[in-house]
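Asks: Let me give you the structure first, and then I'll get to my questions.
The values are calculated or read from the model by the stated rules, or taken from the named source; none is laboratory data. Because the structure is a prediction, the values reported are computed rather than measured. Every residue, glycine among them, receives a Cβ derived from its backbone with ideal geometry; neighbour counts consider all protein chains shown. What goes into the accessible areas is simple: the full protein's heavy atoms, side chains included, and nothing from ligands, DNA or RNA. Shrake-Rupley method; radii C 1.70, N 1.55, O 1.52, S 1.80 Å.
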Amino acid sequence: MLFSLPSIRTIGVPLFSLCCLYSTVSYAWHNDHQHPSTFDTDVVKLKEANQNSQLAYDIVKSLTVEVGPRIAGSSGDKKAVAWAEAMLSEMGFDKVYKQPVKVRNWERGFADARVVLPFEQKLVITALGGSIATPEGGIQEAVVMFPSLEALSASTKAEVEGKIVFLNTRMQRNREGKFYGKVVPNRVNGAIEAAKLGAKAVIIRSVGTDNSRFAHTGLMRYDDSVRKIPAGAISTADADTLEAMFAENKKVIIDVDMQAKDAGWQTSYNVIGEITGSEHPDEVVLISAHLDSWDEGTGAIDDGAGVGIVTAAAKTIKDTLGQPKRTIRVVLYAAEEIGLVGARQYVSANKSSLENIIAAAESDFGAGKIYQFDTRFNPVVQKSAGVLYQALAELGVEYGNNQSGGGPDVSVLPALGVPVFALKQDGTYYFDYHHTPNDTLDKIHPEDIRQNQLVWSIVTAYLANTSFDPRPAP
Ligand SMILES: [Zn+2]
C-alpha cells in the first residue's frame, strides 16, 4: 500500500490512525504548575514525548496526500475543511467548530507563453492569483523590460503603451526570507503600475530563489480605478533566457495566452479546535496556521507544515501534561493566500473576546528548524518569562526582539491589543519551492519538523500553564 493513513473519506468509522502513531501518556494534574521547577519538569516530559513522535509530519502527510491542493473556495478547499474537522476530532480536541468565511474563488486555467522574436522559445509561465484572462488566442506584443517596479513607475507612457511589461528583479537567498518583502510588490502591484502606463499585460520574474523551470504563483491585486490587465510569472530560468535576448539589443516579442477566471463567491471556513482550560477556560492561547494553499503544489511547506506543527504541539501538551490551565485554541485559517480573508473574519466574529487572548502566533514559513523567538509582549512583563527563554536557548532558540508581527494571519491582532509571538524558522530554501508545483511533502525533513513541534509545545505549554500574562500588546 502506498500510504499508511486510512482516508478521511471514511468518516464514521475510525478516521485515521495518526494519534495511534503517538504514544498517549496522561499525567495527573499538579497544582504547583506555576512554580518554575514544575515548568522545567514539563519541558523534560515534552522532550521525552517528542523524541519518537512523527505527529506533525504525519498530519502534513495526511493533508497533502489525501487532500492536496486547496485554493480558497475550490473543491480541494472544501475537502480540506472536512479533513481538518475530522482530524481535530480524531486528535481528541475538546471542541471542534468552524467559522464561515466568504471567499472569491479563482481558477487558474490554461497558461502558455513563448518568445516569437528574436529567437523562438517556449516560456514556463503561470498566472498570478486573481488575474484576468488574456483575450482568447492570447496577446502577441513587444516586451519592455524593467529591473524593478520603481523603474517601471518612473517610466513613461511612450515607452510602455501597448506593450507587455516584464518585471525582472532577482530575489536573494536569505535565512529570514527578508528579500521577499522587497520583490513581492512586483507580483502584487505590477499589473496596476503597468496598466497605468497603458501596458497590455505584465509578466514578472518569479518571486523565488531557485533556478528552476517552475514558475511561482501568488496573490496579485487590481485597483478599481485602473484598467485590469492579465498578469503572470515566468520561471527564473526563463527570465534569464528572456533577459539574455534583451542583452543582444534585439526587439523581443512574446505571445502570452492565459485563461484564468473568477469563479464567484464561495463559502470557506476557519476550522478551530480547542483544548479547554481546566482553571481559566476563558483565557486563550491561540496557535495557528492556514489551511488553504495555492493550487500548483500540494501545499506542504505552505502551509501544511504549520497545520501539522501547531496541531501536534497542542495534542502533545494534552497527552503529556494533561489538561492545560488556560484554553489552547488551534485556528486553521481560511483563505490566507488571497489576502488574510479568514483572519479578518476571525477578528470580526470574535471582537468582544479578543481581550481574552493571552498570546497568539502562526506557523507559516515551512518546516525549517526554529532558531529565534520574537515577541510582542507587554514590555513591563516581557522579561519575566526568563524560564521560558532559558528553556528555548537550551534548544538553540535565542530570544530575538519584542517587535514581532506574529505571522500573517495574526498580524492583524497586535493593533487590537493582542500579544503575539513568532518562532522564526530557517527559510534558506523556503522560496525555492514556495507557490510552485514543487511545494510537496518531500521538501519537509522529519527531524526539522519534529524540532518545530517540540519548540511550539514548550512555548504553548508555558503560556497555557503558568500565570505569565503579556497583555496588552505594545
Ligand atoms: Zn502561507
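Asks: In Å, what Kirkwood hydrodynamic radius results for region 337-474 from the alpha-carbon pair distances? Mind dumping the intermediate values first?
Replies: Working: mean 1/r = 0.0630 Å⁻¹.
Result for region 337-474, one decimal place: 15.9 Å.
Asks: Measuring from centroid to centroid over Cα atoms, what is the spacing of region 86-127 and region 345-362 in Å?
Replies: About 27 Å separates the Cα centre of region 86-127 from the one of region 345-362.
Asks: Hey, which aspartates and glutamates would be in cross-link range of residue 79, C-alpha to C-alpha under 14 Å, not counting anything within fewer than 8 residues on its own chain?
Replies: Qualifying aspartates and glutamates at Cα under 14 Å: 66, 292, 295.
Asks: If you don't mind, another one. In whole Hz and in residue order, list the ³J(HN,Hα) couplings for region 316-332 that follow from phi through the Karplus curve 6.51 cos²θ - 1.76 cosθ + 1.60, θ = phi - 60°; x for Gly and Pro.
Replies: 4, 4, 4, 6, 9, 10, x, 4, x, 5, 9, 6, 9, 10, 9, 10, 9
Asks: Per residue, what volume in Å³ does the convex hull of the Cα atoms of region 103-171 enclose? Could you put the intermediate results ahead of the total?
Replies: Details: hull volume 10.1 nm³, N = 69.
Taking the convex hull of the Cα positions in region 103-171, it is 147 Å³ per residue.
Asks: Can I ask one more? Taking 20 Å as the cut-off for C-alpha to C-alpha distance, list the pairs among 102/261; 95/369; 47/318; 196/251; 78/98 that go past it. Spell out each step's value before the answer.
Replies: Working: 102/261 18 Å; 95/369 30 Å; 47/318 14 Å; 196/251 23 Å; 78/98 12 Å.
Listed pairs above 20 Å: 95/369; 196/251.
Asks: Continuing with the same structure: In nm, what is the difference between 0.36 nm times the number of residues separating residue 173 and residue 416 and their Cα-Cα distance?
Replies: Working: separation 243, 0.36 × 243 = 87.48 nm, distance 3.36 nm.
Full extension of this stretch gives 84.1 nm more.
Asks: Ratio of region 180-281's C-alpha Rg to 2.2 N^0.38 Å, to two decimals?
Replies: On the way: Rg = 19.7 Å, N = 102, 2.2 N^0.38 = 12.8 Å.
Scaled against compact globular proteins, the figure is 1.54.
Asks: Can you give me the relative contact order of the chain as a percent, contacts being Cα pairs under 8 Å and 6 or more apart? Walk me through the intermediate numbers first.
Replies: Details: 1169 pairs, mean separation 99.9, N = 474.
Over the chain, the number comes to 21 percent.
Asks: Averaging over all projection directions, find the projected area of the Cα convex hull of region 269-347 and quote it in nm² with one decimal place.
Replies: Working: hull surface 21.4 nm².
Computed as one quarter of the Cα hull surface, the answer is 5.3 nm².
Asks: Mind jotting down the distance between the C-alpha centroids of region 188-261 and region 402-425, whole Å?
Replies: So the separation of the two Cα centres works out to 32 Å.
Asks: Now a separate question. From the mean inverse distance of alpha carbon pairs (Kirkwood) and the Cα radius of gyration, derive Rg over Rh for region 426-474. Mind showing how you got there, number by number?
Replies: On the way: Rg = 16.0 Å, Rh = 13.7 Å.
Dividing the radius of gyration by the Kirkwood radius yields 1.17.
Asks: For 246, 119, write out the residues from largest to smallest accessible area, computed with a 1.4 angstrom probe and no ligands counted.
Replies: Working: 246 45, 119 90 Å².
My answer, sorted largest first, is 119, 246.
Asks: Tell me, what HN-Hα J-couplings in whole Hz come from the Karplus equation 6.51 cos²θ - 1.76 cosθ + 1.60 at θ = phi - 60° for each residue of region 69-81, using x for Gly and Pro?
Replies: With coefficients 6.51, -1.76 and 1.60, one gets x, 8, 5, 3, x, 7, 5, x, 5, 5, 4, 5, 4 Hz.
Asks: Take the Cα atoms of region 192-346, find their three principal axes, and give me the spread along each one in whole Å, biggest first.
Replies: Largest first, region 192-346 extends 72, 36, 22 Å along its Cα principal axes.
Asks: Taking K and R as +1 and D and E as -1, what net charge do the other residues with C-beta under 11 Å from the C-beta of residue 256 add up to? Working shown, then result.
Replies: Details: positive: 114, 200; negative: 112, 141, 255, 257.
Within the 11 Å Cβ shell, the charges total -2.
Asks: OK, next. Mean residue ellipticity at 222 nm from the helices of the chain, using -39,500 (n - 2.57) per DSSP H segment of n ≥ 4 over the full residue count, to the nearest 500 deg cm²/dmol? Let's see the in-between values first.
Replies: Working: 13 runs with 144 residues, N = 474.
Dividing the helical sum by the residues of the chain leaves -9000 deg cm²/dmol.
Asks: Show me the ranking of peptides 312-320, 415-423 by mean Cβ neighbours inside 10 Å, starting with the highest. List each step's numbers first, then the result.
Replies: Values: 312-320: 25.1, 415-423: 20.9.
Taking the mean over residues of other Cβ atoms within 10 Å, the ranking is 312-320, 415-423.
Asks: Also, I was wondering about something else. Sequence-distant or interchain residues sharing an amide H contact under 5 Å with residue 106, placed H: which?
Replies: 263
Asks: Can you give me the Rg/Rh ratio for region 125-213, using Cα atoms for both radii and the Kirkwood formula for Rh?
Replies: On the way: Rg = 13.4 Å, Rh = 13.7 Å.
Rounded to two decimals, Rg over Rh is 0.98.
Asks: Using the Cα atoms of the chain, I'd like the radius of gyration and the largest Cα-Cα distance, Dmax, both in angstrom.
Replies: Radius of gyration, then largest Cα-Cα span, for the chain: 23.4, 77 Å.
Asks: How tilted is helix 236-247 with respect to the longest principal axis of the chain? Cα atoms for both, answer in degrees (0 to 90, nearest 10).
Replies: Taking Cα atoms only, the helix is inclined about 30 degrees.
Asks: Right, another one. Summing Lys, Arg as +1 and Asp, Glu as -1, what charge do residues with Cβ under 12 Å from the Cβ of residue 358 carry, residue 358 excluded? Before the final figure, lay out each step's value.
Replies: Values: positive: 325, 326, 329, 471; negative: 282, 283, 355, 469.
Local net charge: 0.
Asks: Per residue, what volume in Å³ does the Cα convex hull of region 109-259 take up?
Replies: 102 Å³
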